[in-house]
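Chemist: Before we start, here is the structure in question, set down as structure tokens.
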């Protein structure tokens, strides 16, 4: 049995984990409702919403911890908090109880996730080092790889580098190569590979359909932002759109010939939506900050209430 402030800290960690899980469930439900109309929002709104959705479980967990500890800091708050969340025996923690088992499993899962992430990062780093060693520096900031598959992509987290295969370089015009070079440079400037890795880590606990949707939308947002970056430096939207179509045709033809899963990152993400975004203004919806803030507050309170509900359900289940 653990007493005093160490027990309080362990309880707060348990509440944090329960709040994160509650936030995941609530956010997954909300995402399922907004998925059909998500593409109708503006680019900035979609980007902000994606990062808010990705980080909300952590926000929900933090809110649950703050609400739980408030009665200890401000006793008067118990009068209105009792209906949302209240935690008995805060200074008494039993490692053999469901609290201890649940917290141990969560901490073990986090350790395994970090260990796997470190191993994967190291493996990717070695792969990027090998790509850099096998490539030849060429004009336009693109390193050429001796490969038939028509591909252009950025690799690397801390020091990203743009690559293009000879299969693509030999099949495009100088103008298209310039556009592709600018596009990949945009990903490097914005550090998109690092952003995507962080986002993937944040959404890793979401159900698979929701996780795939969020990752696909983030990739599309990154591509559209890169397209806008190119457009500011090469103001020919029709030429950029035509380059997208041409590269996608090359990649499709190669896939049909090789029966493989080859993708050119320059033109592999919802080409139709990218072209529409490039060629003309479309009517896009937006949501006020007040509405988003209200939804976040209500969802966070619901997550905190779910922590209290789960806690008392398990207490009743195991003790009665």
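The values are calculated or read from the model by the stated rules, or taken from the named source; none is laboratory data. Source: prediction; values computed, not measured. Using ideal geometry, Cβ is built from the backbone for each residue, glycine included, and neighbour counts are taken over all protein chains shown.
Chemist: Can you confirm whether segment 91-98 contains a residue that is touching a strand residue (DSSP E or B) at 6+ places or on another chain (Cβ under 8 Å) and either in a helix (DSSP H, G or I) or at pLDDT 80 or above (or both)? Show your work before the answer.
Modeler: Initially, segment 91-98 is screened for residues touching a strand residue (DSSP E or B) at 6+ places or on another chain (Cβ under 8 Å), giving 91-95.
Within this subset, residues satisfying the condition of being either in a helix (DSSP H, G or I) or at pLDDT 80 or above (or both) are none.
No, there is no match, as no residue in segment 91-98 is touching a strand residue (DSSP E or B) at 6+ places or on another chain (Cβ under 8 Å) and either in a helix (DSSP H, G or I) or at pLDDT 80 or above (or both).
Chemist: Restricting to segment 167-190, and then to whatever is surrounded by fewer than 17 Cβ atoms within 10 Å (Cβ to Cβ) and without any contact (Cβ under 8 Å) to a residue 60 or more places away in the chain, can you tell me which residue is nearest to the chain's Cα centre (by Cα)? Full working, then the answer.
Modeler: Keep residues of segment 167-190 that are surrounded by fewer than 17 Cβ atoms within 10 Å (Cβ to Cβ), which gives 170-171, 173-175, 189-190.
Now narrow it down to the ones that are without any contact (Cβ under 8 Å) to a residue 60 or more places away in the chain: 170, 173-174, 189-190.
Working: 170: 35, 173: 35, 174: 35, 189: 19, 190: 15 Å.
Only one residue fits best here, namely 190.
Chemist: Restrict the check to segment 257-274 and report whether at least one residue is touching a helix residue (DSSP H, G or I) at 6+ places or on another chain (Cβ under 9 Å), at pLDDT 85 or above, assigned by TED's automatic domain parsing to the domain that holds residue 166 and assigned to a helix (DSSP H, G or I). Break it down stepwise before answering.
Modeler: Restricting attention to segment 257-274, the residues satisfying the condition of being touching a helix residue (DSSP H, G or I) at 6+ places or on another chain (Cβ under 9 Å) are 260-271, 273-274.
Pick out the ones that are also at pLDDT 85 or above and you get 274.
Restricting the remaining residues to those that are assigned by TED's automatic domain parsing to the domain that holds residue 166 gives 274.
Narrowing further to those that are assigned to a helix (DSSP H, G or I): 274.
Looking for residues that are touching a helix residue (DSSP H, G or I) at 6+ places or on another chain (Cβ under 9 Å), at pLDDT 85 or above, assigned by TED's automatic domain parsing to the domain that holds residue 166 and assigned to a helix (DSSP H, G or I), one finds at least one in segment 257-274, hence yes.
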